[in-house]
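Peer 1: This is the structure, below, for whatever I ask next.
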Amino acid sequence: MKRPVVWLAGALAVLAAIPFVFGPLHTNLMVRLAIEALFAVSLNLLLSYTGLLSFGHALYFGVGAYGAALILTHLQGIPILVAVLLSALAAALVGLVLSPLLVRVRATAFTMLTLAFGQLMFVLCSKFREVTGGEDGIMGWTTPPLALPGLFSLDLRQPVNIYFFAVGLACLGILAMWFFTKTPMGSVMISIRDNQKRVDYLGYQVVLTKAVIFCFSGFFAGLAGAVYAVFNNLVSVGGVLHIMVSFQPLMAILVGGIGTFFGPILGSGLLLLLEEVTQAYPELALMISGVIFILVVMFLPGGAISFGARLRAWWRKRAYLRKARESEA
Amino acid sequence: MRVLQRTIWWGVAATVLLGVTLGTGPAQAAGAARGFNASAVADMTGFDPAKFENPSGDVVKIGVLAPFSGDAASVGQIYWATGTWVASDINRRGGITVDGKKKKIALIKGDTMGKPANTKQAVEKLCLQDKVDVLWGTAGSHLTAIIQAEADKYKKLHLNSGSLSDTLMEGKAFTPYTFQHIWTTHSVGATLAKFFATRQERKFYILNQDYVFGHELAESFKAGLKKYVPDAQIVGEDFHPLFNKDFAPYLTKVKASGAEMIFTGDWIPDSSNLLKQSRQMGINLPVAGIFLDDINGLIAVGPEGSKGLVFASELLINFQDGIQHKWHEAWKTWAAPYNTPLYEWLGSTTGAYAESLYWLLDAMERAGSADAEKVIKVWEGDEWTGLIGQKLTMRACDHRVVRDTYVTEFVSPNKWYKDCAFMDKITTIPAEFVTLPQPKDSSRCK
Amino acid sequence: MSPETQMYLAQGIHGLAYGMLLFLVASGLTLIFGMMGILNIAHGAFFMLSAYLCVTVLGATGSYWLSLLIAPLGVALLGILVERFMLRRAQASGMGHIAELLLTLGVSLVLAEAVKLTWGTEGLQVNVPSALAGLVNIAGLEYPIYRLFIIVLSLVVLALLSLVLFKTRLGTIVRAAVSDPGMVSALGVNTQIVFMLVFGLGSWMAGVAGVAAAPILTVFPGLGDQIGMDAFVVVVVGGFGSLFGALLAALFLGELNAFGIQFIPKLSPVLMFSFMALVLAFKPTGLFGERE
Amino acid sequence: MLFRATNLNTYYGLIHALQKISLNVDQGEIVCLLGRNGMGKSTTLKSVMGLVPPQSGAIEFQGRSIFRALPHKVARAGVGLVPQERRIFPTLTVEENLLMGVKAGCQPPKDLEPWTLKRVYKHFNSLERRSRNKGSQLSGGEQQMLCMGRALMGNPLLLLVDEPSEGLAPLLVKEVRDVLLQINQAGVSILLVEHNLKVAMSLAHRCYLLGKGFVAFEGTMAELQARPDVMAKYLEVS
């Protein structure tokens, strides 16, 4: 009982120390990590827990981001947390609206349907430039401070403040999803992945569970999008709805470890690290990430998170062999 | 209308006067106010952008913000070719005098990847980690807007040579740290319209890319026609997706419309595809635009196919010009990926990019400092002689350039390219007809 | 011919030409999908690569026809290598089709970058072969010969494909394996080799389309993106694994594009994805498909 | 011994579907696998065929190991499969379906009369009439016949038959039973999975009774009948 508490306290202490140890540059990098990790974990609910590969998760991210941008632009004086939550709810609502269509399909058809919806939203947002600003997007709104009247007021343009805001929301979101996977609905979700037909015998639960997952996953993807909007002070179709926005978390999941809960967080971190390293050779950056991507699928299908386990297994085997040899001699 | 124009013009003149007055102090301190002297370009033998090395020691650092990876990597390449050219030239001359000593120029890449989040990250890295003196870039108004916001935040000079949006320097978006060297969509529309006022064509078909820039450009052209060619007719207007494959359905409409001229803001590959496919379909209508100097695309349609194209630019460098020949001679030694026809001559884009950097460094030297505030003081209202001896004025109140613009018709044969038609007589459109009026909402413009 | 009839005729042929080109790309994709259950994300990149190879072969030999022969074969070889050394391993990873989709996504990223390193980032140009340059008069409509050639070329490839599929033992095996590869292997056929061949064949067809499209398009690294996306839509709408469905869907999308631009230009990009979403929502297997 | 499987272990993901299953089939025998749904009968056949590769164990066929061999290698060694869902190729004609069964370059066993289209049509006379029809147009019974014919075209020594009577009308069940007997008399050994105890009793020489992934009983059909307790525990009450 005590150990997890110590771990948690330790992790929180490290997270709290980061902005003071590192400069604003790396603090901002951590904000991006928080956003991308939250987004990747939300997609992972579909991929690793329900076995559904989505090529259109940017849809929810984009709705969250545009929601936040529109609310903050047009409803001045609205508390920032309310704005962010409303945007996430909008994304969840999109999940709900689309779920009657999405629950019907599986496998590649699901992937293609999500692709279609994602691209449709991309095209629509580019077209309705009166509302969305087209490719230029929406920018330059005044982000209200994170405040409790009379208690505190934090200016979110300061790296330290936006850091705590983003990391706090991401941690809460990731924790919420972690608990969700432990609920009975979470187990139904896993059995859908393993054998949809068998779960079908349980009646309409499959449909209902899937719909709930779409909303839930959409909510947190939307939350990530809303935090993105607040952090960047700009939302544009290329940044939040482009197909590469859908691929980014997929890569994070794959590199970190598909089928695990924490893999995507590790993967997001590794991808950002890779981006930092390859920044010195920008012409080769995408090439390097593509190659790493292929190598991971081929040689490390469990992702980086499985690397430790593999190493340990290899070490044990070596130790065992050595012992066997010694006893022989 | 005329009253308004006159007021604006007086405004411009007054501002220039004010700027000059403000600018003379530090300029005199650093010597005489200078302009660009093409013959002063250093001996560039052996120059190669691919082999550019940053000088060591105390340097002036320029952060180059451009897409160096991804779909638009060719844009990054052009930034790098021109940036390293200017830096090498200045370095071979010994650098610029800043803080009382000669300092050389270093360039540091900041890859925007064409994405907002990466742009923001790249700017922060350049400002906080590399501690650059100037941010330079970029293509795409949404990315430029991010750089402007960050430049304002970190109080860094920002030179915009790539984004043509009219609204970047207006309203809340304005920041004193950004200078928009490149012309704006308003000027593009006005330039071409003014040019057509003296010509026969009256039926225009607008075919643009379906995104903010394409729509803005269409509006600016229509506005220009309304002003300068009231009897012109828009016989059709279509917006096609970016990176469109098949232009045939559009061209069938164009042909049926009876248009005499196609106006397009398309850039490569769309501009080349539009041209190529129309010629293949036997539609030899001339096309007017600002990205038609893609030499590969022109060669593909040949001398006949490229004849009659109308090309507008803020900078058309005459082939006889000194800097043109220096560039051309140096080009022969460049290695891949710069050993292509695109870089053979200093084109309108490469030329404008280089010009903007020369001006910036000149202002810096006259300010005697790389400090943003001091450079701003010199640059605001600065009058300067450009690459081809033209007069440039940095309008103090909105940091946009007041300058003449140029239009040319492609003819064949020409002396410089035998495989396609290319620019001939250059028509100058005086600044007074094409300059974007000063923003009314800015308190700086009184 | 009245201008209106001429417009209908012209747009009709435009749609046909683009539709047939799309079918060339999509048929390879749908064959691969039917057999191996994966949508090859790198298919569009193969199309693009073939156009680049065409530029190189054309530069070296000066013959468009030689590049039409060589470039697709090069792409087919690459496809075979990708299948043999990458996909087969990914299939064994136990991650199911997700691994294969992600792997081909990785391949397409690498190809796009490799092309930039090899050929540079500028747009390159291929000219229409002189034998096919110029216009031909179709009932009063001047139409470019090269676009008609694309239609003919697609028809020839289609005929060859049907000949192989319906008249040879290999064809029977492929058709059987499209609906049930496991059963085919249980009947004593080495399906791994068949997979490899079909992957090569599919890549070859993307390659032929790439060379066919090169003279009307600028060759640049993003060349395959749009057509790759369109081909997905064709495969999905036509029905996963159905050649006939792909043909109908490709022609339909081609005409939708041409007449969409003529009559409702503002909506034409929206139409395609809406149509795909509608089809999938109401028939998850696509119009003529049997598998999801 | 024609066929022997020893200690087969097969997994579906984390599910241990076959746990140390051992069984054998002699030349000329019909051996039946019995058991409730989900006990691993079909998985056993798929493991033998190589469609679901077993994790460990050994499989010998005519003295040679076919353990973890690819399905086409198993088929070429002389094993035919008549799967449960029949898995007729829907877009191929009946004749093409049959020809798919031919293993190109494979010699038929010397002591057996080779199966040809003509011979298959003789045994399954309903197929000849429909030889030009698509596989998807056949009725359930016809599909079952086609499925068996297709397997025979490969001249197998051992036929793996999975639930041939499932979903068929009683009259057709009898026909299937008769055909299986004829095939067996022609020299083909059969490993049969059969739900219908009556059919199994009338066909098989020996049987294996599967519990959840393990062999609970083995013996002749007569020995099984003598153990009502085993039958009650491991078979469905009918």
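Peer 1: Checking the condition of a type in the set (A, V, I, L, M) and at pLDDT below 85, which residue from A:31, A:5, A:41 passes? Lay out the reasoning, then the answer.
Peer 2: On the way: A:31 fails: at pLDDT below 85; A:41 fails: at pLDDT below 85.
Of A:31, A:5, A:41, the one residue that is of a type in the set (A, V, I, L, M) and at pLDDT below 85 is A:5.
Peer 1: Residue under question is residue B:237, and the condition is that it be closer than 30 Å to residue A:122 by Cα and surrounded by fewer than 23 Cβ atoms within 10 Å (Cβ to Cβ); does it hold? First the steps, then the outcome.
Peer 2: Numbers: closer than 30 Å to residue A:122 by Cα: yes; surrounded by fewer than 23 Cβ atoms within 10 Å (Cβ to Cβ): yes.
In short, yes.
Peer 1: Restricting the search to region A:138-173, which residues are small (Gly, Ala, Ser) and under 22 Å from the mean Cα position of the chain (by Cα)? Show your work before the answer.
Peer 2: Looking only at region A:138-173, we keep the residues that are small (Gly, Ala, Ser), and these are A:140, A:147, A:150, A:153, A:166, A:168, A:170, A:173.
Across region A:138-173, the qualifying residues are A:166, A:168, A:170, A:173.
Peer 1: Also, I was wondering about something else. Out of curiosity, is residue A:88 closer than 22 Å to residue A:227 by Cα and either within 12 Å of chain C (Cβ to nearest Cβ) or crowded, with 17+ Cβ neighbours inside 10 Å (or both)?
Peer 2: Details: closer than 22 Å to residue A:227 by Cα: yes; either within 12 Å of chain C (Cβ to nearest Cβ) or crowded, with 17+ Cβ neighbours inside 10 Å (or both): yes.
When the stated conditions are applied, residue A:88 passes them.
Peer 1: So residue C:237 fits all but one of (1) modelled with pLDDT of 90 or more; (2) within 17 Å of the chain's Cα centre (by Cα); (3) farther than 20 Å from residue C:162 by Cα; (4) within 14 Å of chain B (Cβ to nearest Cβ); what number is the exception?
Peer 2: Only one criterion is unmet by residue C:237, namely (4).
Peer 1: Only one of these conditions is not met by residue C:248: (1) in contact with a Gly (Cβ under 7 Å, 6 or more places away or on another chain); (2) surrounded by fewer than 24 Cβ atoms within 10 Å (Cβ to Cβ); (3) within 14 Å of chain B (Cβ to nearest Cβ). Which number is it?
Peer 2: Only one criterion in (1) in contact with a Gly (Cβ under 7 Å, 6 or more places away or on another chain); (2) surrounded by fewer than 24 Cβ atoms within 10 Å (Cβ to Cβ); (3) within 14 Å of chain B (Cβ to nearest Cβ) is unmet by residue C:248, namely (3).
Peer 1: Of C:115, C:156, which residue is outside any strand (DSSP E or B) and out of contact with any helix residue (DSSP H, G or I) (no Cβ under 9 Å at 6 or more places or on another chain)? Step through it out loud before you land on a result.
Peer 2: Details: C:115 fails: out of contact with any helix residue (DSSP H, G or I) (no Cβ under 9 Å at 6 or more places or on another chain).
Exactly one residue qualifies, and that residue is C:156.
Peer 1: Now for a separate question. Output the residues belonging to region C:213-231 that are closer than 26 Å to residue C:134 by Cβ, part of a helix (DSSP H, G or I) and more than 7 Å from every other protein chain (Cβ to nearest Cβ).
Peer 2: C:213, C:214, C:215, C:223
Peer 1: For region C:260-282, what are the residues that are closer than 19 Å to residue C:227 by Cβ, more than 14 Å from chain B (Cβ to nearest Cβ) and buried (at least 21 other Cβ atoms within 10 Å of the Cβ)?
Peer 2: First pass over region C:260-282, keeping only residues closer than 19 Å to residue C:227 by Cβ: C:260-261, C:268-273, C:275-276.
Still in the running and more than 14 Å from chain B (Cβ to nearest Cβ): C:275-276.
Hit for region C:260-282 is C:276, nothing else.
Peer 1: Pairs only if they're at least six apart or on different chains, beta carbon under 9 angstrom, first in region B:297-314 and closer than 19 Å to residue C:133 by Cα, second among the β-branched types (Val, Ile, Thr) and not in a loop (DSSP other than H, G, I, E, B); list them, first residue then second.
Peer 2: Close Cβ pairs satisfying both conditions: B:306/B:299; B:307/B:411.
Peer 1: Tally time: how many residues in region C:116-134 are within 11 Å of chain B (Cβ to nearest Cβ), surrounded by fewer than 16 Cβ atoms within 10 Å (Cβ to Cβ) and free of Cβ contacts under 8 Å to residues at least 12 places away in the same chain?
Peer 2: Counting residues in region C:116-134 that are within 11 Å of chain B (Cβ to nearest Cβ), surrounded by fewer than 16 Cβ atoms within 10 Å (Cβ to Cβ) and free of Cβ contacts under 8 Å to residues at least 12 places away in the same chain gives 2.
Peer 1: Related question: Tell me, which strands (runs of 3 or more DSSP E) lie completely within region B:173-261 with 1 or more residues that are closer than 30 Å to residue B:157 by Cβ and of a type in the set (Ser, Thr, Tyr)? Spell out how you get there, then give the answer.
Peer 2: Working: elements: B:178-180, B:203-209, B:233-240.
Qualifying strands (runs of 3 or more DSSP E): B:178-180.
Peer 1: Test residue B:108 against the stated conditions and say whether it is touching a Lys or Arg at 6+ places or on another chain (Cβ under 8 Å) and buried (at least 22 other Cβ atoms within 10 Å of the Cβ).
Peer 2: Details: touching a Lys or Arg at 6+ places or on another chain (Cβ under 8 Å): yes; buried (at least 22 other Cβ atoms within 10 Å of the Cβ): no.
Spelling it out, it is not the case that residue B:108 is touching a Lys or Arg at 6+ places or on another chain (Cβ under 8 Å) and buried (at least 22 other Cβ atoms within 10 Å of the Cβ).
Peer 1: For residue B:329, only one of the following conditions fails: (1) surrounded by fewer than 19 Cβ atoms within 10 Å (Cβ to Cβ); (2) within 27 Å of residue B:159 (Cα to Cα); (3) acidic (Asp, Glu). What is its number?
Peer 2: Result: residue B:329 passes all but (2).
Peer 1: The conditions are (1) in contact (Cβ under 8 Å) with a residue 40 or more places away in the chain; (2) closer than 20 Å to residue D:24 by Cα, and residue D:217 fails exactly one of them. Which is it?
Peer 2: In the conditions (1) in contact (Cβ under 8 Å) with a residue 40 or more places away in the chain; (2) closer than 20 Å to residue D:24 by Cα, residue D:217 misses (1) alone.
Condition check ((1) within 18 Å of residue A:174 (Cβ to Cβ); (2) at pLDDT below 90; (3) crowded, with 24+ Cβ neighbours inside 10 Å) across all residues:
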site	(1), (2), (3)
A:221	yes, no, yes
A:240	no, no, yes
A:243	no, yes, no
A:252	yes, no, yes
A:256	yes, no, yes
A:263	yes, no, yes
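Rundown of residues vs (1) at pLDDT below 85; (2) over 30 Å from residue B:433 (Cα atoms); (3) assigned by TED's automatic domain parsing to the domain that holds residue B:262; (4) charged (D, E, K, R), yes/no style:
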residue: B:325; (1), (2), (3), (4): no, yes, no, no
residue: B:333; (1), (2), (3), (4): no, yes, no, no
residue: B:336; (1), (2), (3), (4): yes, yes, no, no
residue: B:342; (1), (2), (3), (4): no, yes, no, no
residue: B:345; (1), (2), (3), (4): no, no, no, no
residue: B:350; (1), (2), (3), (4): no, no, no, no
residue: B:354; (1), (2), (3), (4): no, no, no, no
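Peer 1: Moving on to the next point. Restricting to region C:129-176, name every residue that is among the hydroxyl-bearing types (Ser, Thr, Tyr) and either modelled with pLDDT under 90 or more than 28 Å from residue C:1 (Cα to Cα) (or both). Talk me through it step by step, then tell me what you get.
Peer 2: Keep residues of region C:129-176 that are among the hydroxyl-bearing types (Ser, Thr, Tyr), which gives C:130, C:143, C:146, C:154, C:162, C:168, C:172.
C:130, C:154, C:162, C:168, C:172 - these are the residues of region C:129-176 that are among the hydroxyl-bearing types (Ser, Thr, Tyr) and either modelled with pLDDT under 90 or more than 28 Å from residue C:1 (Cα to Cα) (or both).
Peer 1: Restricted to region D:91-113, and to residues that are within 12 Å of chain C (Cβ to nearest Cβ) and without any contact (Cβ under 8 Å) to a residue 40 or more places away in the chain, which residue is farthest from residue D:71 (Cα to Cα)?
Peer 2: Just the residues of region D:91-113 that are within 12 Å of chain C (Cβ to nearest Cβ), to begin with: D:91-93, D:95-106.
Filter once more, keeping what is without any contact (Cβ under 8 Å) to a residue 40 or more places away in the chain: D:95-96, D:104-105.
On the way: D:95: 23, D:96: 20, D:104: 15, D:105: 16 Å.
Residue satisfying both the conditions and the ranking: D:95.
Peer 1: Going by the conditions given, is residue C:106 more than 11 Å from every other protein chain (Cβ to nearest Cβ) and surrounded by 20 or more Cβ atoms within 10 Å (Cβ to Cβ)? Break it down into steps so the answer makes sense when it comes.
Peer 2: Numbers: more than 11 Å from every other protein chain (Cβ to nearest Cβ): no; surrounded by 20 or more Cβ atoms within 10 Å (Cβ to Cβ): yes.
When the stated conditions are applied, residue C:106 does not pass them.
Peer 1: Which condition from (1) surrounded by fewer than 17 Cβ atoms within 10 Å (Cβ to Cβ); (2) in a helix (DSSP H, G or I) is the one that residue A:142 breaks?
Peer 2: (2)
Peer 1: Here's another thing I want to ask about it. Any chance you could count how many residues in region D:124-139 are surrounded by fewer than 14 Cβ atoms within 10 Å (Cβ to Cβ) and touching a residue at least 40 places away in the same chain (Cβ under 8 Å)?
Peer 2: Within region D:124-139, residues that are surrounded by fewer than 14 Cβ atoms within 10 Å (Cβ to Cβ) and touching a residue at least 40 places away in the same chain (Cβ under 8 Å) number 1.
Peer 1: Quick one: which residue in B:226, B:203 is surrounded by fewer than 22 Cβ atoms within 10 Å (Cβ to Cβ) and either small (Gly, Ala, Ser) or farther than 26 Å from residue B:430 by Cβ (or both)? Spell out the reasoning first.
Peer 2: Details: B:226 fails: either small (Gly, Ala, Ser) or farther than 26 Å from residue B:430 by Cβ (or both).
Unique residue meeting the criteria: B:203.
Peer 1: Hey, another quick one. Would you please name the residue that is surrounded by the most Cβ atoms within 10 Å (Cβ to Cβ), looking only at residues in region A:265-306 that are more than 11 Å from chain C (Cβ to nearest Cβ) and of a type in the set (S, T, N, Q)?
Peer 2: My answer is A:268.
Peer 1: Of the residues that sit in region B:60-74 and are among the aliphatic types (A, V, I, L, M) and in contact with a helix residue (DSSP H, G or I) (Cβ under 9 Å, 6 or more places away or on another chain), which one is farthest from residue C:112 (Cα to Cα)?
Peer 2: First pass over region B:60-74, keeping only residues among the aliphatic types (A, V, I, L, M): B:60, B:62, B:64-66, B:72-73.
This time we only want the ones that are in contact with a helix residue (DSSP H, G or I) (Cβ under 9 Å, 6 or more places away or on another chain), so: B:60, B:62, B:64-66, B:73.
Numbers: B:60: 35, B:62: 30, B:64: 24, B:65: 22, B:66: 19, B:73: 11 Å.
That would be B:60.
Peer 1: Quick check on residue C:150: is it surrounded by fewer than 16 Cβ atoms within 10 Å (Cβ to Cβ) and either within 14 Å of chain B (Cβ to nearest Cβ) or in contact with a helix residue (DSSP H, G or I) (Cβ under 6 Å, 6 or more places away or on another chain) (or both)?
Peer 2: No; evaluated as a whole, the condition is false for this residue.
Peer 1: Between a residue in region A:136-148 that is among the charged types (D, E, K, R) and any residue that is part of a loop (DSSP other than H, G, I, E, B), which pairs come within a Cβ distance under 8 Å, given they are 6 or more apart or on different chains?
Peer 2: As it stands, the answer is A:136/A:236; A:136/B:165, since those pairs meet every condition given.
Peer 1: Would it be correct to say that residue B:342 is over 25 Å from residue B:132 (Cβ atoms) and in a loop (DSSP other than H, G, I, E, B)?
Peer 2: Working: over 25 Å from residue B:132 (Cβ atoms): yes; in a loop (DSSP other than H, G, I, E, B): no.
When the stated conditions are applied, residue B:342 does not pass them.
The values are calculated or read from the model by the stated rules, or taken from the named source; none is laboratory data. Predicted model, so just to flag it, every value in this text is computed and none were measured. Heads up, the Cβs are rebuilt from the backbone with ideal geometry, glycines too, and the neighbour counts pull from every protein chain shown.
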